[in-house]
Amino acid sequence: MQLPFLVGTVVLAVAGAGKLRHPDGTAQALRTQGLPSHRGLVQALGVLELLTAGAAVAGSTVAAWGVSAFYTGFTGFVLLALLRGRPMSSCGCFGEPDLPPTRTHVGVTALLAVAAGTAASSGAVGVPPVLALGPAGALSTFAVTALLCALCLLTLTGLPRLTAARTTIRGAAA
């Protein structure tokens, strides 16, 4: 379960950095759902995501549980937004204003929550167990992790944009 855990941890760090750079997308998403939405709160969330991801990559089991908790919260938030049906142009995950929430988003974040929880319960998380694989094993694990991170980010950012564009084009054609 180390590979999905590493992917989730890196994606969490990317999301945290996005919230620090552009907190308005997340603030708007929270506001739309009637939740506290101050920019400072969003930026603090981004810092906490970065710190948690960093500690988890370094091998902290407690931080790995934190990664699982973040993804459980993200899953709940997007599910809540979808079930409420309130108009929301962004989930706010990466600080971008144009990433509408999707069912795929719920599935990806739920899987990453389970992966982080499973890794945390094993007690061996982050980079230290990967380095124990030796140079070839570690290099291949990091390469596959990078590829899966790119695919995960594309799924969470590109797919919603394509879906929104397709909906816009269908609406214009009607």
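The values are calculated or read from the model by the stated rules, or taken from the named source; none is laboratory data. Keep in mind that this is a model prediction, so the values were computed, not measured. All Cβ positions, glycine included, derive from the backbone under ideal geometry; neighbour counts span all protein chains shown. Only protein heavy atoms, including side chains, enter the accessible area calculation; ligands, DNA and RNA are left aside. Shrake-Rupley method; radii C 1.70, N 1.55, O 1.52, S 1.80 Å.
Could you give the nm distance between label points at R103 and L41, where each point is 7 Å from its Cα heading toward the beta carbon?
That separation, rounded to one decimal, is 3.1 nm.
Limiting things to C-alpha atoms, what are the Rg and the maximum Cα-Cα separation (Dmax) for the chain, in angstroms?
That works out to 16.7, 58 Å for Rg and Dmax.
Can you tell which of G8, Q28, A58 lies farthest toward the positive end of the dipole of the chain, using +1 and -1 charges on the Cβ of basic and acidic side chains (Lys, Arg; Asp, Glu)?
It is Q28.
Helix-only mean residue ellipticity at 222 nm, the chain, DSSP H runs n ≥ 4 weighted -39,500 (n - 2.57), per residue, nearest 500. What is it?
One gets -26000 deg cm²/dmol as the mean residue ellipticity at 222 nm.
Mind checking the per residue accessible area of the chain for me, 1.4 Å probe, whole number of Å²?
Solvent-accessible surface per residue comes out at 49 Å².
So which DSSP H runs in the chain come out at 27 Å plus along the axis (Cα) with average Kyte-Doolittle of at least 1.6?
134-153
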